[in-house]
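Beneath this line is the structure, given in structure tokens, with notes to follow.
The values are calculated or read from the model by the stated rules, or taken from the named source; none is laboratory data. These numbers were taken from a predicted model, which means no experiment stands behind them. Positions of Cβ are generated from backbone atoms using ideal geometry, with glycine treated the same way; all protein chains shown enter the neighbour counts.
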């Protein structure tokens with residue numbers, strides 16, 4: 001349901017990036033500070049008759065301090081890839097919204113990808129990402145692992161490409177992490 005009283009969200013951010021390059025690849029470290037006012041949160045309310053309404057509402061503010069570490073490999077045995085680990089400490093002020101989650105939490109995630117050229121116009125790629133269980137304004141979101149495997153083909157003498165990816169994503173919900181979600185599989189195709 002839409003919320004006509006939703007106010008703009010403002011984010012102020014400062015970050016630094018340190019990058020080191022070598023023969024094999026690149027390593028970068030990026031610390032950051034972020035302050036968000038009127039942050040949007042997906043809020044569910046249940047009225048006296050038991051009807052649930054879910055909409056976005058403004059939280060008062062969120063302060064985050066964190067960093068990411070990224071390692072990229074150029075071309076080792078025909079494979080290129082990247083791994084990124086990110087973490088941040090978050091402190092929330094719910095303002096008029098009653099928060100079920102603690103006012104502060106630590107969040108982290110990891111993601112990686114690898115690609116390899118099969119022929120001059122066909123490449124294979126694999127991606128994986130992991131986000132552990134995390135607290136949101138009104139509960140907990142289960143951990144998530146997402147994997148993608150696909151191919152990308154150059155067409156029209158390199159002026160276009162056709163991609164096909166197969167993805168596996170566990171279902172996510174706001175249920176306690178002790179409940180296990182089912183896996184969903186889907187295939188997507190795109191031409192650019």
TODO: Say whether the condition of being closer than 30 Å to residue 149 by Cβ, in contact with a strand residue (DSSP E or B) (Cβ under 7 Å, 6 or more places away or on another chain) and not in a loop (DSSP other than H, G, I, E, B) is met by at least one residue in segment 51-66.
DONE: yes
- [ ] Confirm whether residue 44 is in a strand (DSSP E or B) and at pLDDT below 90.
- [x] yes
TODO: Just give me the residues in segment 29-67 being more than 19 Å from residue 107 (Cβ to Cβ), without any contact (Cβ under 8 Å) to a residue 40 or more places away in the chain and surrounded by 15 or more Cβ atoms within 10 Å (Cβ to Cβ), in sequence order.
DONE: 37, 38
TODO: Determine whether segment 121-132 contains at least one residue that is over 17 Å from the mean Cα position of the chain (by Cα), part of a loop (DSSP other than H, G, I, E, B) and either loosely packed, with under 14 Cβ neighbours inside 10 Å or at pLDDT below 80 (or both).
DONE: yes
Open item on the list: Any residue that is on the phi < 0 side of the Ramachandran plot, touching a strand residue (DSSP E or B) at 6+ places or on another chain (Cβ under 7 Å), surrounded by fewer than 16 Cβ atoms within 10 Å (Cβ to Cβ) and outside any strand (DSSP E or B) - is there at least one of those in segment 89-100?
Closed with: yes
- [ ] Scan 70, 26 and give me the residue that is touching a strand residue (DSSP E or B) at 6+ places or on another chain (Cβ under 7 Å), crowded, with 16+ Cβ neighbours inside 10 Å, part of a strand (DSSP E or B) and at pLDDT 90 or above.
- [x] 70
- [ ] Determine whether segment 13-23 contains at least one residue that is under 24 Å from the mean Cα position of the chain (by Cα) and surrounded by 15 or more Cβ atoms within 10 Å (Cβ to Cβ).
- [x] no
